[in-house]
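J.: The structure's right below; bear with me while I get my questions together.
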Amino acid sequence: MEELFENDYFIIIGTVADKDSLTDSIDECGGIFSKTLNKKTTLIICNDIDDENNKKEFEKVKSDLKIIREQFITESIKEKKRLNIEDFITKSKSGSNDSDDQQPSKRLKVDSLQVGSTWMGALFYINTSESYPFSLNIESRVDDINANQSKLEGTIDWPTLEDAKTAFRAILKDDDLKIEEHTQITNTDQVSLPNNYEAKVINGNRPSIKGTIVYSDPADSANPELKASFNLTFKPSTTTSSISSSSISSSSTSSSSSSSSSTTNSTSTNGTGSPATSTTTTTTTPPPPKLDLDYLIAGNQFKGEFEIPYKSNIKITSRKNQQDIEGIVDWVDLKTKTKLKGTLNEKDLTITLTETDIISGSGVELPIVYTGTLTSSTNPTSTDPKHLDLIIGQYKVEAGTTSIGKFKMELNC
């Protein structure tokens with residue numbers, strides 16, 4: 001139940017039956033409620049899109065955002081599963097059954113599976129503890145608006161399997177992704193084909209693809225040693241420069257491996273009949289030097305510490321005066337909620353917070369003391385209260401063995 005609306009950012013336009021109850025339900029199920037529309041918003045709750053006041057608010061809304069009834073929240077909680085959003089689209093009272101009433105044009109949902117993007121992660125065999133890192137590269141995409149689906153093609157790189165590269169094709173429908181890995185590109189036998197995968201695409205601030213490998217043979221499906229899952233995180237696409245072919249004339253060139261540039265001369269005749277010569281110089285960048293990394297050899301040992309990020313939401317419940325603050329911390333991954341209290345120094349913009357008591361769950365050691373500074377994500381030197389949307393600092397766990405780390409909290413509304 002805690003992750004029912006994970007990565008969903010809601011706003012409410014117009015009236016609902018019980019706003020406080022609805023927003024509490026969103027919070028308890030892992031969603032985020034904001035009072036105002038912002039770049040993180042993914043879903044809009046509105047029961048009446050024909051209301052004139054609501055229409056004014058819709059002028060600020062991007063056309064790809066879904067507008068749904070509040071029953072999507074209540075019915076999903078009742079059924080204890082995330083229901084299909086399309087069944088709760090808010091429609092006009094004019095009688096039209098076309099969902100285009102709420103959108104200026106029919107289009108597929110905007111997602112992160114775009115051409116040029118790369119998704120990186122690993123395939124984990126759950127019962128054998130084997131893992132194989134891989135990256136999925138999107139090279140083409142064809143959207144079928146009428147069928148509400150997209151066809152994707154690209155490659156998969158397996159760096160620990162002799163740098164194997166394979167080709168895949170996939171179908172994306174809503175948030176469901178079905179992948180078929182079908183052809184070897186490199187000359188290696190380290191990857192057995194074909195392979196099929198089924199996954200969910202999770203959009204939002206941290207896009208990811210979570211799925212499993214699926215087998216056509218029932219015996220393979222029943223084999224616990226073949227049970228595998230993967231989690232890919234989104235790496236934004238990089239932009240490469242290109243030169244229009246219409247601006248380049250074809251000519252033969254010769255190059256030397258020791259040269260870093262080549263020059264091509266072409267001769268034409270200008271309006272006076274005399275020759276005109278133009279010179280084009282192309283510079284090639286030498287390959288980077290190889291890294292021998294002699295210390296990465298069998299037998300060498302390395303020591304270090306790992307910091308594990310934990311997703312958390314902090315809700316301020318009380319501020320009785322300018323200094324004293326109280327709130328609730330929801331540790332989403334640890335399924336634990338705790339009480340929080342602290343003080344704010346408005347002169348130097350420092351804040352001290354202490355987690356004191358567990359409300360539910362048992363995944364957090366207390367007390368934890370946070371010491372941080374209010375700052376701006378867009379202008380770190382600003383002291384304007386309107387721009388202070390970050391708290392950055394250090395925390396200290398004082399239970400049992402003392403541990404120290406860094407934290408960052410970002411305002412969500």
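J.: Restricting region 336-352 to residues that are part of a loop (DSSP other than H, G, I, E, B) and not aliphatic (A, V, I, L, M), which is nearest to T317 (Cα to Cα)?
T.: E346
J.: Check whether at least one residue in region 372-382 is touching a Ser or Thr at 6+ places or on another chain (Cβ under 8 Å), open to solvent by 90 Å² or more (accessible area, probe 1.4 Å) and at pLDDT 80 or above, and report yes or no.
T.: No - not one qualifying residue is present in region 372-382.
J.: Something else: Quickly run through region 130-184 and pick out the residues that are outside any strand (DSSP E or B) and in contact with a Leu (Cβ under 8 Å, 6 or more places away or on another chain).
T.: Those that are outside any strand (DSSP E or B) and in contact with a Leu (Cβ under 8 Å, 6 or more places away or on another chain): I145, N148.
J.: Residues K337, K406: which one is open to solvent by 80 Å² or more (accessible area, probe 1.4 Å), within 27 Å of the chain's Cα centre (by Cα) and on the phi < 0 side of the Ramachandran plot?
T.: Just one listed residue meets the conditions, K406.
J.: Sort out which residues of region 353-380 are over 20 Å from L411 (Cβ atoms) and in a loop (DSSP other than H, G, I, E, B), and write them in order of number.
T.: Across region 353-380, the qualifying residues are G361, S362, G363, V364, E365, L366, P367.
J.: If S192 meets every condition in (1) surrounded by fewer than 12 Cβ atoms within 10 Å (Cβ to Cβ); (2) modelled with pLDDT under 85; (3) not β-branched (V, I, T) apart from one, which number is that one?
T.: (2)
J.: Please specify each residue of region 23-65 satisfying the condition of being part of a helix (DSSP H, G or I) and among the hydroxyl-bearing types (S, T, Y).
T.: T23, S25
J.: Could you please give the count of residues in region 201-235 that are in contact (Cβ under 8 Å) with a residue 12 or more places away in the chain, out of contact with any helix residue (DSSP H, G or I) (no Cβ under 6 Å at 6 or more places or on another chain) and either open to solvent by less than 30 Å² (accessible area, probe 1.4 Å) or part of a loop (DSSP other than H, G, I, E, B) (or both)?
T.: So the answer is 15.
J.: Continuing with this model, one more query. Could you list, in sequence order, the residues of region 316-332 that are in contact with a Gly (Cβ under 7 Å, 6 or more places away or on another chain) and under 18 Å from G363 (Cα atoms)?
T.: W331, V332
J.: Okay, moving on. Looking only at region 20-41, filter to residues that are open to solvent by 30 Å² or more (accessible area, probe 1.4 Å) and in contact with a Lys or Arg (Cβ under 8 Å, 6 or more places away or on another chain); which one of those is modelled with the highest pLDDT?
T.: Out of the qualifying residues, it is D27.
J.: Starting from residues that are modelled with pLDDT of 85 or more and open to solvent by 70 Å² or more (accessible area, probe 1.4 Å), keep the ones in region 383-394 and report whichever is nearest to the chain's Cα centre (by Cα).
T.: Applying the filter and picking the extreme gives I392.
J.: Looking at region 191-212, which of its residues are over 20 Å from T118 (Cβ atoms) and touching a strand residue (DSSP E or B) at 6+ places or on another chain (Cβ under 7 Å)?
T.: Once the filter is applied, which keeps residues that are over 20 Å from T118 (Cβ atoms) and touching a strand residue (DSSP E or B) at 6+ places or on another chain (Cβ under 7 Å), region 191-212 yields L193, P194, N196, E198, T212.
The values are calculated or read from the model by the stated rules, or taken from the named source; none is laboratory data. The structure presented is a predicted model; accordingly, all values stated were derived computationally and were not measured. Ideal geometry is used to build each Cβ from the backbone, glycine not excepted, and the neighbour counts take in all protein chains shown. With ligands, DNA and RNA removed, areas are computed over all heavy atoms of the protein, side chains included. Shrake-Rupley method; radii C 1.70, N 1.55, O 1.52, S 1.80 Å.
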